[in-house]
Amino acid sequence: GEAKTYHQITHDEPTDAVLGYQPETSKLAGLVMEGFGAFLEELDAVQEGDRTLLDNSLVMAFSDTGYAKIHSLENIPVFFAGGAGGRHLAGQHIASAGEPISRLSLTAMELAGVSAGEFGQGAMKTSRPVEEVMASGGTNGS
């Protein structure tokens, strides 16, 4: 095992000048995503009527930062998996530069059938879910 924690490695590991990223940090993030993929496969293996548990669920995965070394809040990778009971339109990539990340939490609530109307505080307060991933086109009309 490694003597340092993942968090410490993200701060201490230099960015490889040729690759343009932190190789060990990227390797560890890849291992986490492999585990997440296995989790999704397990959900997809459980039948619930004519669907699977994954079809009826919504799972949100994200990194806490875009560039871990400096805790950057730019370009944070986030994705939803699962069908949310038919409410989630999967298979899309949406870039939302300059948008508050709280839109994703509001979107997750809406996809789960919770009409919250708004989410967040201050500059992160939003009433706009990411409607492009919502089969119903959004529930609050904004």
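Read the figures in this text as sums done on the coordinates, not as results from a lab. What you see is a predicted model, and the numbers here were worked out from it, not measured in a lab. Counting neighbours? That spans all protein chains shown, and the Cβs are built from the backbone with ideal geometry, glycine included.
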- [ ] Only one of these is surrounded by 14 or more Cβ atoms within 10 Å (Cβ to Cβ), under 26 Å from Met109 (Cβ atoms), under 17 Å from the mean Cα position of the chain (by Cα) and free of Cβ contacts under 8 Å to residues at least 24 places away in the same chain: Val78, Val59, Val32. Name it.
- [x] Val59
Task: Hits in segment 8-22 (condition: part of a helix (DSSP H, G or I) and touching a residue at least 24 places away in the same chain (Cβ under 8 Å)) - done: Thr10, His11
Task: Residues satisfying the stated conditions in segment 81-95, i.e. closer than 21 Å to Met33 by Cβ and more than 11 Å from the chain's Cα centre (by Cα) - done: Gly82, Gly83, Ala84, His88, Ala90, Gly91, Gln92, His93, Ile94, Ala95
Task: Of residues in segment 23-62 being of a type in the set (Phe, Trp, Tyr) and in a helix (DSSP H, G or I), the one nearest to Val78 (Cα to Cα) - done: Phe36
Open item on the list: Based on this model, can you work out whether Gly86 counts as without any contact (Cβ under 8 Å) to a residue 60 or more places away in the chain, on the phi > 0 side of the Ramachandran plot, surrounded by 11 or more Cβ atoms within 10 Å (Cβ to Cβ) and touching a His at 6+ places or on another chain (Cβ under 8 Å)?
Closed with: no
